[in-house]
């Protein structure tokens, strides 16, 4: 136990440079990850550690960035970059069959004590209790976004954050119901803190307009904040996956992925 928390402390100190100072991190979420098309991201600025605009699998050939070691997203199954629909730019990551996803394998630590994950999604079909994003640390520890059949019936779905620790899954947030049948794009933002930092978690969902680049039509359509006693994960995840991560057939477009060190006020 002592070793586990010692590793976590070392990880926190590794982000203590001015690039990751709290005032930079907090200011970076005023537009919740929205950036103009064609704007190149700069990792290590405002706490950004990994981003992908889904324009090219190699971040060297597009506007995303990485300070986590790996810079190339590899396609698995029939996952592809599609120009059919997108929230920004020309392409988005498109998954439609069992285990279609893009994967990157970091060799550096990710923000595991306090962070913010942002992604744009469009669903035209979904499978209940399946993941569209997952950061796997080992067989028993992972972050994920989960699709759960919502209270509105078959055409609606809750976007929930899932934290698996020690082999036990914890649904951190709920009640973020969206209409799958509408064909609309949505932006999801999950801010998280571990037990050492106040147990705060917040997930927000915005409906995006029909322009390109797409921007929120107004205030968040769903916001949920929870206090949960979760545990720090140490080290680098073995993989980060975007797409139909679980073995199920459903249709999802995903775009404009960002992962920040730190979280805004919850």
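Figure legend. Inter-residue proximity from the stretch 225-249: first residues at positive phi, second residues in a loop (DSSP other than H, G, I, E, B) and at pLDDT 85 or above, beta-carbon distance below 7 Å, spacing 6+ or different chains. Indicated pairs: 243/79; 243/100. Do we find that residue 68 is in contact with a strand residue (DSSP E or B) (Cβ under 9 Å, 6 or more places away or on another chain), buried (at least 18 other Cβ atoms within 10 Å of the Cβ), at pLDDT 90 or above and not in a loop (DSSP other than H, G, I, E, B) in this structure? It is false that residue 68 is in contact with a strand residue (DSSP E or B) (Cβ under 9 Å, 6 or more places away or on another chain), buried (at least 18 other Cβ atoms within 10 Å of the Cβ), at pLDDT 90 or above and not in a loop (DSSP other than H, G, I, E, B).
Just one residue in the set 225, 212, 231 is touching a strand residue (DSSP E or B) at 6+ places or on another chain (Cβ under 7 Å), assigned to a loop (DSSP other than H, G, I, E, B) and modelled with pLDDT under 80; that residue is 231.
Considering the stretch 236-255, the residues that are surrounded by fewer than 17 Cβ atoms within 10 Å (Cβ to Cβ) and modelled with pLDDT under 80 include one that is nearest to residue 138 (Cα to Cα), namely 247.
Would a scan of the stretch 96-104 turn up a residue that is in a loop (DSSP other than H, G, I, E, B) and crowded, with 18+ Cβ neighbours inside 10 Å? Checked against the condition, which is being in a loop (DSSP other than H, G, I, E, B) and crowded, with 18+ Cβ neighbours inside 10 Å, the stretch 96-104 yields at least one hit. Once the stretch 34-62 is narrowed to residues that are at pLDDT 95 or above, at negative phi and in a loop (DSSP other than H, G, I, E, B), the residue that is nearest to the chain's Cα centre (by Cα) is 53. Looking only at residues in the stretch 109-153 that are modelled with pLDDT under 75 and assigned to a strand (DSSP E or B), the one that is surrounded by the fewest Cβ atoms within 10 Å (Cβ to Cβ) is 125.
The values are calculated or read from the model by the stated rules, or taken from the named source; none is laboratory data. Just so it is clear, the structure is predicted and the values come from calculations on it, not from any experiment. Note that we place each Cβ from the backbone using ideal geometry, even for glycine, and neighbour counts take in every protein chain shown.
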